[in-house]
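Report on the structure given below.
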Amino acid sequence: MTRNNHPMGQPTPLVEMEHATVRFGTTLALDDVALRLYPGEVHSLMGENGAGKSTLIKALTGALRLDAGTLTIDGTAMRFATPYDAQRHGISAVYQEINLLPNLSVAENIRLGREHRSHGLISPRRMEREAAVVLSELGLSVDPHSPLGSHPVAVQQLVAIARAISTDVRVLVLDEPTSSLDSDEVAELFRVIRDLKERGVAILFISHFLDQVYEISDRITVLRDGALVGEYLPTDLLRIELMQKMLGHDAPELLSRPRPASAAVPAEPYLKGRGVTSSLGICDADVDLAEGEVLGVAGLLGSGRTALARALTGIDALDRGELSIDGRPVRFASPRAAMKHRVAYSSENRRTEGIVGDLSVLDNITLALQAQRGVFRKIPPARQRELAASWAEALRIRPSDLDRPVRTLSGGNQQKVMLARLLALSPRVLVLDEPTRGIDVGAKVEVQNLVADLATNGLSVVFISAELEEVLRVSDRVAVLRDERVVDTLESATLTVDAVLALVASPETTEEGE
Amino acid sequence: MTAVETEKAPRNAVFAGIDTFVNRHASVLPTVAAAVILSVLLVGANIRFDGRFLTPGNISALLLNNAFLMVLAVGMTFVIVTAGIDLSVGSVMGFTGILGASMLSGGVPAIVVIPTMLVAGALIGLLIGVLVQYFNVQPFIASLAGLFLGRGLAYVVSLNSIRVEDPVVLWLQTTRFRLGDWYITPTGIIALVVVAIGALVMQYTRFGRTVYAVGGSESSAELMGLKVARTKVMVYVISGLCGGLAGLLLTAFSGAGYPRYGIGTELDVIATVVIGGTLLAGGRGYVLGSMIGVFVFATITTIISFMGAEQSWTHIIVGGLLLLFIVVQRAIVARTSRTG
Amino acid sequence: MTAIIKHRLFWPASALVVLITVNMLANASFARITVRDGHLYGALIDILRQSAPLMLVALGMTLVIATRGIDLSVGAIMAVSGAVALTIIDGSEDPGGFGTIMIAILVALLVSLVLGAWNGFLVSVLGIQPIIATLVLMLAGRGTALLITSGEITTVVSAPFKQIASGYLVILPVAFFIWVAAVVVVGVVERRTALGMLTEAVGINPEASRLAGVRSRGIIWTAYIASGVLAGVAGIIYSSNTMAADANSAGYLIELYAILAVVLGGTSLMGGKFSIAGTVIGVLIVQTLESTILFLGVAPAKSPVFFALVVIFVVLVQSPRVHRWGRSVFGSSRTSSAPDEDAEKKEVAA
């Protein structure tokens, strides 16, 4: 294993991990990995899911102990027993899933655990004052007294960062901090990160967004299968090289479209929505979806992407508007009703709204079909197995053991199980909400190619993703959403990321409601 | 960041104002509702009984008769706010009561007996807490073990009722500090002091805030460096301690220990805590709310005995009231999660 | 071998076997079964007979727990059902008549069904937490039963009605056949239809199930109705046994014993995967233990101490921490099972 010499040639690293090894039973989750963090740098940690990123972070932040190897801070060997222990030594982490307390106030979320106490009593006033200071540093105008749960996810994420920086943080781990932020918010976050850098904080940054990684990083460490691939400077490393290092093989398909964009839009759409409105965040949306077409949906968080998907598939009731299939008007009172019309939805929240964790892969695949047949018409066990096996095979679900609880599969395979569940219904319309969120690059490409194959076979797909590149790669046309409305629907072949961004992020805001 | 703030455009200023208010004070609303119900009950009963209900003597008796319930409710509030539950409190109270009575009748001085009762309660709480925290046992099951243990031990101590003649214990109940027609017994004072301490600890100590934090999200609380394990064990110890103290109060109140005391009391306690506005899902609730819940319960009992109706109506009405409250809470939670 | 040990019924079943063996060693008469008038008698037969109410209640509880719920009201429903049946028999002119008894049973079961449906309505339609929703009826139900019996213990004489709990069919007790029939019906319905799998899906992930088109409302509702009806049957057997409608003690604490039995049988209180066979074993363990305590000459009132110890023992055996201790004590021989578990945990945490 060759490691690049440290490019900046600074004297001592703030954090140094050597030969870090973590075992789960016989599996090596982390195998002899080295990581160095210098004060005032942004260091990106890259790797597929299962590459060992989370394990490394956990070892660094005291959530997990190293089985072998050393962790030194400022030259002193450390063994953190708990995350709190690590925090006291200046190592804080902000995770993708916000690990805060929705029922407590913003101020408490920032200060609790290190609040000032006199005679053992807390002064809520003082706590709120202290919190307000930190919040203003972040340019965040929220009432410190308000309960955290009453704020949008993006604000909660920034509160989590506020908590981290309100201590004497020296190392800040940001694990997928941008996955629920829109581009303005990302810019704001990066401003904060640069500010922290100035103060000499070492930042370990994990993100699936390559753009962001290249924008913010000073150095990149790549892991694969629990082992260290290497440490690089972003300027020395082309994106395609980075991907190859993460995947461990050439990935030419990453660059090409999975299929040619269909040239002509068929005259009569299969699924037609007019004035689709739901109080949960979509207003007067017109949608046309032709047979065999992939319609991409682009827009910022809160622009109505998910609300549109849910309104089209009977998850949320329509307040106004009409849907028709093949020219015949339809009303979906429930997801079940939509599925009867062979319109199926896969949620962006895989864990909470997608898989049924403790059930087997087999049961998960047959679930929707069985639900549709009803309680009494049970699919014969042999038929169930046959059906599940054929889908598992077709979608290359790994491991192929159908009796395994689905929660033990990786994110990408869970996603495929969800797809298989819907495909088992022989749907005509698939609405996929963030089908590639939180899965590794390899699985992402697989899912994208699969979507393309399905469309080629005549299925109509609505493809929603926060990653514009992906939307453009997969879709024939792209519906651009802004402020809960469809602002335009465009041929994707003629589009570039920048063009869509311009539409999406257009500054004019229309604030009107019912 | 203003883009984030205005993500959901307000319908109009008035609704936005209400939304904001509901959002900010959502956790207090159920407790306020309980207070309103209590006032309605008291005033209504007073009208129904031609002014014979809201008398100083009657109101004083409410506290006197339910001091033990109030102490249990304080302990239960701690447990429920962590999203736990303690089914053992009734039998812990029964056990410590009969244990104390038995020791007193054996000639052990009260100065030894009373701490022993408290420690016995706390120990059962500790057992439950350790099972919950360190052995991942669901609170329902762990405290079920506590319920069985407490009740069984009560019968092990004695199968029959034991009279208490110790002057110290009886003093707790018979002494009446009077102010005009109002009076309060030492047991009542103890109950109010427990409520005050409980409320103070919950709102203004790190431990108290950690109790809420654990109820909000245990894993987050842990990642935030809060002492989750200790807190989770402690709430059951507190509940057990309250059970022991309630055993003392009940023994003083009834002048005897009886192994069947407190059967089903855990349900009354849970009902009063929920009526007082504490969410069983954890993370929200107030000790003072639970006190109001106890008063609601006590008032209903008193109204029924005023009417000379069957006491079995008490539980039917408390059940109905519980239903009303959870439906209201449900509506509030649904509303806040929607606007949130 | 390891496949047997890892089977989820292994531990409950061995516990039952050990319990029975210990009893037989301690007292040979425990296993003795005698034949009188073509009927079997003996301690083991008594266990089969006496376990009927708990078995029925636990069966319903299993279904409810599988949906991630809990039904605290079963004891109260038992009291109501018994009170209704006996009050009807008591009030009729022909307490021993077949028609009277059928009407009494039908009305009692109908009332139980309504109460179960009420619970199901609160949980599945109004979305109220099960523990609280059923607490309502637990508090109010017993009060209602007391009102039905006017607060007295109604004693009834009706020989045919008495047969339900004490009678024999061929060589075994009627009550035994009732619970076996209930187990078979529930088992067949759950596994031969898709109800079992859909119930588990709803219990594990309600929202995902809804999005997959599962009618979770109906499934949850069904579970509570089943629980109510089964508790009603249990109430009839109980009242037939005592021939007195005692609204205070009928089904007292049975919800807790039922939950204990379900958990002993390996069904998690967190819902999802459930095992009817496990529940049957769990109930038999509870009932055998009860008999054991009596056999040992301990006052029945003190028996809760033993149940406390059983609960503590069982939860400790199931606890991951104890498993880890076990592995470290017994060395590496069983570490092969470790990575799987850890990997699963990791996946869940990730």
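Each value in this text was obtained by applying a stated rule to the coordinates, not by laboratory testing. It should be emphasised that the depicted structure is a prediction, and the values quoted were computed from it without experimental measurement. Ideal geometry is used to build each Cβ from the backbone, glycine not excepted, and the neighbour counts take in all protein chains shown.
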Next item on the list: For chain B, find the longest principal axis of its Cα atoms and tell me its angle to the long axis of helix B:228-254, 0 to 90°, nearest 10.
Entry: 40 degrees
Notebook entry, point to check: Which of the peptides B:88-99, B:186-197, C:51-62 is most tightly packed, and how do the rest follow, judged by the mean count of other Cβ atoms within 10 Å per residue?
Noted result: B:88-99, C:51-62, B:186-197
Margin query: Using the Cα centre of the protein assembly as shown as the reference point, and only Cβ charges (+1 on K/R, -1 on D/E), how large is the resulting charge dipole? Debye, rounded to the nearest 20.
Written below: 2880 debye
Next item on the list: Taking amide H positions as placed in the peptide plane 1.01 Å from N, state which residues far from A:Ser44 in sequence (5 or more) or on other chains have amide H under 5 Å from it.
Entry: A:Phe205, A:Asp218, A:Arg219, A:Ile220, A:Thr221
Note to self: Residue by residue through B:204-217, how many Cβ atoms from other chains fall within 10 Å of the Cβ on average?
What the structure shows: 5
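So if R0 is 22 Å, what FRET efficiency would A:Arg398 and A:Asn449 give, r being the distance between their Cβ atoms, rounded to the nearest 0.05?
In this case the efficiency is close to 0.90.
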Next item on the list: Using only Cα atoms, tell me the angle between helix C:276-295 and the longest principal axis of chain C; keep it within 0 to 90° and round to the nearest 10.
Entry: 70 degrees
Next item on the list: Would you mind telling me the antiparallel percentage of the DSSP bridges in chain A, rounded to 5?
Entry: 55 percent
Item checked: Net charge, C:Thr155 excluded, C-beta distance under 13 Å - Lys, Arg +1, Asp, Glu -1 -> -2
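Within the set of other residues whose C-beta is less than 12 Å from the C-beta of A:Asp175, count the net charge using Lys and Arg as +1 and Asp and Glu as -1.
0
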Notebook entry, point to check: If we count trypsin sites (Lys or Arg not before Pro) as exposed when they sit in a DSSP loop and have at most 15 other beta carbons within 10 Å, what is the longest stretch of chain C that avoids them all?
Noted result: C:33-350
Check: In Å and whole numbers, how far do the C-alpha atoms of the protein assembly as shown stretch along each principal axis, longest first?
Finding: 89, 70, 68
Notebook entry, point to check: Between A:Leu210 and B:Asn136, what is the label-to-label distance in nm when each label sits 7 Å out along the Cα-to-Cβ direction?
Noted result: 4.0 nm
Notebook entry, point to check: What are the semi-axes of the equivalent ellipsoid for the stretch C:2-303, taken as the square roots of 5 times the Cα gyration tensor eigenvalues, largest first, in whole Å?
Noted result: 29, 27, 16
Checklist line | Antiparallel bridges, percent of DSSP beta bridges restricted to the protein assembly as shown (to nearest 5) | finding: 60 percent
Margin query: When a/c reaches 1.5 or more, the comparison of a/b and b/c decides; with that in mind, is the stretch C:1-157 rounded, prolate or oblate per its Cα gyration tensor?
Written below: oblate
Notebook entry, point to check: Can you pick out the pairs among A:Lys197/A:Lys444; A:Lys53/A:Lys416; A:Lys272/A:Lys340 whose Cα atoms lie more than 27 Å from each other?
Noted result: A:Lys197/A:Lys444
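Which is the longest part of chain B that has none of the trypsin sites (Lys or Arg not before Pro) sitting in a DSSP loop with at most 16 other Cβ atoms within 10 Å?
On the way: sites that count: B:Lys8, B:Arg11, B:Arg52, B:Arg176, B:Arg260.
For trypsin sites (Lys or Arg not before Pro) (loop position, at most 16 other Cβ atoms within 10 Å), the longest site-free span of chain B is B:53-175.
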Item checked: Backbone HN-Hα couplings from phi across the stretch A:276-286 [Karplus 6.51/-1.76/1.60, Hz, Gly and Pro as x] -> 5, 9, 9, 5, 7, x, 9, 9, 6, 8, 9
Next item on the list: With only Lys, Arg, Asp and Glu charged, each at its Cβ (+1 for the first two, -1 for the last two), find how big the charge dipole of the stretch B:29-327 is about the Cα centre; round to the nearest 20 debye.
Entry: 320 debye
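What is chain B by shape, rounded, prolate or oblate, if you read a ≥ b ≥ c off the alpha carbon gyration tensor as root eigenvalues and call it rounded for a/c under 1.5, prolate for a/b larger than b/c, and oblate otherwise? Please report the intermediate quantities before stating the final value.
Values: a/c = 2.18, a/b = 1.33, b/c = 1.65.
Judged from the Cα gyration tensor, chain B comes out oblate (a/c at least 1.5, b/c at or above a/b).
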Notebook entry, point to check: Per residue of C:12-21, how many C-beta atoms from partner chains lie within 10 Å of its own C-beta, taken as a mean?
Noted result: 0
Checklist line | Amide H contacts under 5 Å for B:Gly282, placed H, 5+ residues apart | finding: B:Ala83
Check: With axes computed from alpha carbons, what is the tilt in degrees of helix B:89-105 against the longest principal axis of chain B, rounded to the nearest 10 within 0 to 90?
Finding: 20 degrees
Notebook entry, point to check: Counting Lys and Arg as +1 and Asp and Glu as -1, each charge on the Cβ, what is the dipole of the stretch C:2-303 about the Cα centre in debye, to the nearest 20?
Noted result: 920 debye
Checklist line | Cα-based reach from A:Lys378 at 16 Å (exclusive), listing aspartates and glutamates while leaving out same-chain residues under 8 positions away | finding: A:Asp363, A:Glu386, C:Glu190, C:Glu200
Next item on the list: Could you compute the FRET efficiency for A:Arg383 and A:Asp32, with r as their C-beta to C-beta distance and R0 at 51 Å, rounded to 0.05?
Entry: 0.60
Notebook entry, point to check: With each pseudo-label sitting 7 Å past Cα toward Cβ, what's the C:Val184-B:Ile111 distance in nm, one decimal?
Noted result: 7.1 nm
Next item on the list: Please compute the net charge surrounding A:Met127, taking Lys and Arg as +1 and Asp and Glu as -1 over other residues with Cβ under 14 Å from its Cβ.
Entry: +4
Next item on the list: Would you kindly derive the ³J(HN,Hα) couplings of the stretch B:195-212 from the backbone phi angles with the Karplus curve 6.51 cos²θ - 1.76 cosθ + 1.60 (θ = phi - 60°), listing them in order in whole Hz, with x for Gly and Pro?
Entry: 4, 4, 4, x, 5, 4, 4, 5, 8, 10, 10, 5, 4, x, 5, 5, 4, 5
Next item on the list: Assign one of three labels to the stretch A:332-452, namely rounded, prolate or oblate, based on the Cα gyration tensor with a ≥ b ≥ c the square roots of its eigenvalues; rounded applies when a/c is under 1.5, prolate when it is not and a/b is larger than b/c, and oblate otherwise.
Entry: oblate
Item checked: In the stretch A:370-433, the trypsin sites (Lys or Arg not before Pro) that fall in loop regions by DSSP, at most 14 other Cβ within 10 Å -> A:Arg377, A:Arg396
Next item on the list: List the residues whose amide H sits under 5 Å from the amide H of A:Ala29, counting only those 5 or more places along or on another chain, with H placed 1.01 Å from N in the peptide plane.
Entry: A:Val22, A:Arg23, A:Phe24
Note to self: Within the stretch C:265-307, list the residues whose amide N lies under 17 Å from a label point set 7 Å along Cα→Cβ of C:Val18.
What the structure shows: C:265-266, C:281-290, C:292-293, C:306-307
